[in-house]
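Q: Got a structure for you, written out below as structure tokens; questions coming shortly.
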Amino acid sequence: MRKNLETAREFNELLAGEEKMSQVRVLVGTKKGAFVLTSDGKRDKWDVSGPFFAGWEIYHMKGSPVDPEQIYVSQTSGWFGQLLQASTDGGKTWFQPGVKPDEGTPQWPPVKSNRFVYDSSADTGKPLTTHQWYDGTQKPWEFKRVWHLEPSLTDPKTVYAGVEDAAIFKSIDGGESWHEMPGLRGHGTGPDWQPGAGGMCLHSIILDPSNRDRMYIAISAAGAFRTDDAGLTWKPINKGLYSKYIPNPTADVGHCVHHIAMNPARPGTLFMQKHWDVMRSDDAGDNWTKISGNLPTDFGFVIDVNSNEPETVYVVPIKSDSEHFPLDGKLRVYRSRSGGHEWEELGKGLPEKDCYVNVLRDAMAVDKLDKCGVYFGTTGGQVYVSPDGGDSWKAIVHDLPAVLSVEVQTMA
Amino acid sequence: MADSTHSVQVQIPYHLRTLARIGGDVTLEVAAPVTLRSVLDALEARYPMLCGTIRDHDTLQRRPFLRFFACEEDLSLQSPDTPLPERVASGEEPLLIVGAIAGG
């Protein structure tokens, strides 16, 4: 449509109208609660609501692409364990799926939306009982928490959960009940998986919009995996990864993948931030090539892709695995417009000195507006937005608790 | 006595009160014998959102960073079927569910 517009003025008027009509909702999970940040398409003035679930760790929250008012939240605590929360009104009110405290009557038997039990049934094939521990011994799988929630692309009541110890669960009733997809743990390489410093977590879940049967997941420290039959069977997709800190640097599994990103318009192309190394694959993960290029350091956690430009990629370089903060105290995003190798430093609006925060693996996201907005949160409690694809940055909030995750919803 | 019902007071940690939308202490009607198991069963029946937060859904094992106290006794390691002190069963003293003080 825009190609047919005759003048730049018409285009700008259209863009301004789109910005005014659109809304973005940023879902921020922190160490001490959840926050919802909203703005119109200009992404200049922001409303901040929260904290929700104050005092609890909110590892991740994400809205359904089918129904943006349906939001899922992973709420967790070292004392009280895992809880699930959901909203059906865009975050105005929350409830534990299946538990309606305002109805006045006790509910029994209770819906157990926070019950995650590994599948050990004989029917599902190969129930796996141990993985590698830090000292090389085998240790039984033990559920700890939900790291990532990925709502279905087609059904607002279907959602996937990536958990620690690493496994993937699925709910088809809006989070009221969960069932493991045991083909992942049971496919055979599990005894070689081991926890990274943050635990053995399944932190990335990517659904292929062009193929309902294809999903990608990533585990630290096991690597990336793909299913082509809707989760029945999985295979490692780590060819091309090189991790010098493991006994066999090119092993099928054991790699510490920190995050994977995909532009939905090009689902066969994946970008990966590994422990060290930034990688890409153009064949759905079958082969990976290193694209770190001129990055000042290729250690980091986040990676994301511009929603309009499938070859424009963002990372936040972190000094090293021993020093989890930016180089020289300068917080910088790096952008490649060529799908890797050549990176440009983006710093306009970001701290120039004395900045020693980290940006955790699920704490970067992009919106879907015409000028792609890029967002990331820090362990110092800042959430930054760039409404112009990374050219300039502004802190939406400065002083939240440490940010664990950032997701963005774009609404017309 | 075995057929009677007791009003038992329970104090639960702040975050669980928030979760269950409880303002203060909880008074539960618990059938005799009053034990940790019967009190927790009654608590979860009345506030199902607490299921899994104090004890495991399936094994019913106490979560590691929670403990049970009453009448200045630590009851955490006793059998869940041991009768609680009479002063708890009579409602004179509360059962305290306490979170470990740790972290920031």
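The values are calculated or read from the model by the stated rules, or taken from the named source; none is laboratory data. Treat the numbers as computed from the prediction; the structure is a model and nothing was measured. Positions of Cβ are backbone-derived with ideal geometry, glycine not excepted, and every protein chain shown enters the neighbour counts.
Q: Just for region A:78-102: of the residues that are modelled with pLDDT of 95 or more and assigned to a strand (DSSP E or B), which one is nearest to B:I101 (Cα to Cα)?
A: By that ranking, first place goes to A:G81.
Q: Tell me, which residue of region B:1-23 that is part of a loop (DSSP other than H, G, I, E, B) and free of Cβ contacts under 8 Å to residues at least 60 places away in the same chain is nearest to the other protein chains (Cβ to nearest Cβ)?
A: It comes out as B:R21.
Q: Working only within region A:206-227, note down all residues that are under 16 Å from A:I246 (Cα atoms) and among the hydroxyl-bearing types (S, T, Y).
A: The one that is under 16 Å from A:I246 (Cα atoms) and among the hydroxyl-bearing types (S, T, Y): A:S220.
Q: Let me ask another. Is it fair to say B:D58 is exposed (fewer than 15 other Cβ atoms within 10 Å of the Cβ), within 24 Å of A:P109 (Cβ to Cβ) and among the charged types (D, E, K, R)?
A: yes
Q: What is the one condition in (1) at pLDDT below 95; (2) under 13 Å from A:V313 (Cα atoms) that A:T269 does not satisfy?
A: (1)
Q: Can you name every residue in region B:24-39 that is within 29 Å of A:T93 (Cβ to Cβ) and within 13 Å of chain A (Cβ to nearest Cβ)?
A: Within region B:24-39, B:V26, B:L28 meet the criteria.
Q: Here's a follow-up. I'd like the full set of residues that are more than 11 Å from chain A (Cβ to nearest Cβ) and either at pLDDT below 90 or at positive phi (or both), limited to region B:40-69.
A: B:L60, the sole residue that qualifies.
Q: For B:S76, which of the numbered conditions (1) within 13 Å of chain A (Cβ to nearest Cβ); (2) in a loop (DSSP other than H, G, I, E, B); (3) touching a strand residue (DSSP E or B) at 6+ places or on another chain (Cβ under 9 Å) fails to hold?
A: Unmet for B:S76, out of (1) within 13 Å of chain A (Cβ to nearest Cβ); (2) in a loop (DSSP other than H, G, I, E, B); (3) touching a strand residue (DSSP E or B) at 6+ places or on another chain (Cβ under 9 Å): (1).
Q: Since B:D81 meets every condition but one in (1) in contact with a helix residue (DSSP H, G or I) (Cβ under 7 Å, 6 or more places away or on another chain); (2) surrounded by 14 or more Cβ atoms within 10 Å (Cβ to Cβ), which condition does it not meet?
A: With respect to (1) in contact with a helix residue (DSSP H, G or I) (Cβ under 7 Å, 6 or more places away or on another chain); (2) surrounded by 14 or more Cβ atoms within 10 Å (Cβ to Cβ), B:D81 is out only on (2).
Q: Just name the residue that is nearest to the other protein chains (Cβ to nearest Cβ) out of those in region B:86-100 that are free of Cβ contacts under 8 Å to residues at least 60 places away in the same chain and assigned to a loop (DSSP other than H, G, I, E, B).
A: Of everything passing the filter in region B:86-100, B:A100 is nearest to the other protein chains (Cβ to nearest Cβ).
Q: Do you know which residues across region A:40-68 are in a strand (DSSP E or B), without any contact (Cβ under 8 Å) to a residue 40 or more places away in the chain and small (G, A, S)?
A: A:G50
Q: Just need a number here: residues in region A:169-228 that are on the phi < 0 side of the Ramachandran plot and in a strand (DSSP E or B).
A: The total comes to 24.
Q: When only residues in region A:111-162 that are within 14 Å of another protein chain (Cβ to nearest Cβ) and not in a loop (DSSP other than H, G, I, E, B) count, which is nearest to A:Q85 (Cα to Cα)?
A: A:V146
Q: Further question: Considering region A:247-264 alone, what residues qualify as being within 18 Å of the chain's Cα centre (by Cα) and among the aliphatic types (A, V, I, L, M)?
A: If the condition is that a residue be within 18 Å of the chain's Cα centre (by Cα) and among the aliphatic types (A, V, I, L, M), then A:V257, A:I260, A:A261, A:M262 are the ones that fit.
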